[in-house]
1. On average, how much accessible surface per residue is there in the chain, in Å², for a 1.4 Å probe, leaving out ligands, DNA and RNA?
2. Just how much of Ile36 is accessible, in Å², when a 1.4 Å probe is used and the result is rounded to the nearest 10?
3. Roughly what would the spin-label model give for Val349 and Gln712, points 7 Å off Cα along C-beta, in nm?
4. Would you mind checking Lys562/Lys702; Lys650/Lys704; Lys191/Lys554; Lys196/Lys269 for any pair whose Cα atoms are more than 22 angstrom apart?
5. Over all directions, average the projected area of the Cα convex hull of the range 628-713 and note it in nm².
6. Accessible surface of Phe43 in the full protein assembly, 1.4 angstrom probe, to the nearest 10 Å²?
7. 7 Å from Cα along Cα→Cβ at both Ile207 and Glu658: what's the point-to-point distance in nm?
8. Rounded to whole Å, give me the distance from the Cα center of the range 473-519 to that of the range 747-767.
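The values are calculated or read from the model by the stated rules, or taken from the named source; none is laboratory data. Values in this document were obtained by computation on a predicted structure and should not be read as measured data. Counting neighbours? That spans all protein chains shown, and the Cβs are built from the backbone with ideal geometry, glycine included. Heavy atoms of the whole protein, side chains included, go into the accessibility calculation; ligands, DNA and RNA do not. Shrake-Rupley method; radii C 1.70, N 1.55, O 1.52, S 1.80 Å.
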Amino acid sequence: MNTLFLGIVIFLIVLAVFDLVVGVSNDAVNFLNSAIGAKVATFKTIVLIAAIGVFAGAALSNGMMDVARHGIMTPTYFSFYDVMCVFLAVMVTDVILLDIFNTLGMPTSTTVSMVFELLGGAFAIAIIHIFSGATDAQGEALTLGDLLNTEKALSVILGIFLSVAVAFVLGTLVQWVARMVFSFTYRVNGKTTSSKGDMGNLLSSSIKIGIFGGIAVTSIIWFLLINGLKSSSIMTPELKETIDENTWLILGGGLALFSVIMTLFSIFKFPVLRFVVLLGTFALAMAFAGNHLVNFVGVPLTGLESYNDYMENGTVDASSFMMTSLMETAHTPTLYLTFAGVIMVLSLVFSKKAQNVVKTSVDLSRQDEGDEMFGSSAVARIIVRTTQRTASTISGFIPKGVGRWIDSRFNADVAVLPEGAAFDQIRASVNLVLAGLLVAFGTSMKLPLSTTYVTFMVAMGSSLADRAWSRESAVFRITGVLSVIGGWFITAGAAFIMCFLVTNALFFGSFVAMVVAVMIAIALLIKSNAKYESNQSGDETDLLFRQLSRTQDKGERWQLLKMHVSHSTVHQLQFVSSCFQKVTSAFLNEEYSPLRQSTHEIETARKQLKRQRRREIIGLRKIDPILAMERNTWYFLNNSNVEQMLYCLKRINDPCREHVGNNFRPASSEQVNSLTGYQQQIADLFRRTELVLTPSAISMDKTKELRTQAEQLQHQLTDHRQQVIDSMQKQSVNIESTIVYLNIIQESQQMLSCLRHMLRGITKFCA
């Protein structure tokens, strides 16, 4: 029995290591997005600075928050068996949930997931005890209030609402003020961001940058004192009291001192804004590690302490040994903290998922148009229309001269961003400084503001203030923000419900259920990581679009756009060919599962085509306008016919799925033989088409030959279709299967017609 408990504890620690990896991947967006989005340094440099902050925050933390010990449950009334069920359920649920969110590239909150998992697990045990008639030492029946401490969960929910609303509003207001002061063209580091080369006065520019830098550096250092080092070993009670008593002196003196220093730095061309962004990245990374370490290893280490306490008391029954020891404050050995810091640093440096989550936040806040990760939603469209009407009404009350001056401060067209940057260093500084101040303020007010919520919503607010959400992109950006926010709230509900169910299964299923839960968790994690690697492999169109977005040479843009169109077209043709064979074979062989799968695959392909079309239209806007006008018609001819092929597949798949699903009689042997032959001819034609669809290989002669062959095959299908109709009048046939068969032939004809027109369009486009 004790050996089995030891095995569970070891597994909890192993999961803690994985949780550190997954958790850092998820929360990397907190401290990397601003520096990466503004391109203040190379990716390796940014990660190195963040890694130093992460390690320092983890190593200096002198202990864990007690939320895993007695923040949610009252351990006096929980047995060793109870807490082991809860802790195992929490870790299994937490790792799976966070890995799902990371794989989807959606930032979520480790704080919320852990608290609601603990709440769900503890609630399950509490309900079991109440129904079993558990009593306290005085013999009185225990209530839910005795067994649970819901205050922590309620404070987290309050923190969610405060984080989302306050961070977004303040991010918008502060960035608007900052842009009014600096506009998009300002002098920094002895250079100018103006595309016209306007430098501006050295002294006035340096004073503005110096004061801005002084406010930023003072705020970041204050954030470090309040949040990053509040639980570290160097923050003694005496030092904390001194800081509290001299708050305004520290702030005022720091502001004056750093403003002078930053002004001098700006005069001597020191990269002030870059320094601010990198310092803010370090501060947020350090605070993240110090405050969030409990989210990753608090439960496993509490489980280890519980096991040690249980073993020290001999062979007591696990179901009767109460965990009163967990009411004491935790003291974590420095070795554990250092080891955790090393794992977090390695995860940050090597995790591809961390880069994926950062990409979500940066893409939603970038200044220019680009690939939109999200589609549009009804709610987003309503918000955009309402906001436009409101803005038009307000602008009517503003004098025209004032309106023109304000518009001039937000003219991003006259500014030049570093190559590959999503926004400038002013906005990056505002994001980091404001996020740090909000988290520090929340900490001083004892409100559990999530760093994930704060940093993300500040970034969204500042991008809105910078007018980065144009009419062409606003609906997609808002849909993305709503999706991320929805994911945060889904985290709480999913964590509570999943952990509640898992805890019940472990409690009543005992060690058999525990072993099964461990095996399921391992299997799901392996499957999830394998699927993620598969999804991330080899999408050349993504690389082409990134190159297209970054280059300033219109000739190079045109070549990249042609390559992007040809690659995306080939990808769609490959899908059409394989899906056509899959659907028709499933109909002939009476296989329902492939038909059901194809329904979802066709819809996914349509969404992918829509996404590629948005990319390519953006590319058309970036090339020479005369050339874009000339090739515009041929591009849409190509794209529309590819889309029609997907609709042909849908019109083939739906009747086949209904026929096979209803177990109607199969196609005749003559129909099977005929369709199999046409399958091979169509597949061969598509394969040869794919080979010539590269900008260098496309030629009028090659595509004309393919178009001729497609037309000949189309005529063969027409003749065959007429023969089938004639035979229906001369002999008895299965009407249901024949109708489906004729539909396949007819849609195959249409698909070949689309292929011919598509070849004409892409040839003219790439010529």
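1. On the way: 33950 Å² over 767 residues.
Spelled out: the 1.4 Å probe surface of the chain, per residue, equals 44 Å².
2. 30 Å²
3. For Val349 paired with Gln712, the spin-label model returns 6.2 nm.
4. Numbers: Lys562/Lys702 18 Å; Lys650/Lys704 28 Å; Lys191/Lys554 25 Å; Lys196/Lys269 20 Å.
The pairs that break the limit, which is 22 Å between Cα atoms, are Lys650/Lys704; Lys191/Lys554.
5. Details: hull surface 30.0 nm².
Seen from a random direction, the Cα hull of the range 628-713 projects 7.5 nm² on average.
6. Per-residue accessible area (Phe43): approximately 90 Å².
7. Computed distance between label sites Ile207 and Glu658 equals 7.7 nm.
8. For the range 473-519 versus the range 747-767, the Cα centre distance is 46 Å.
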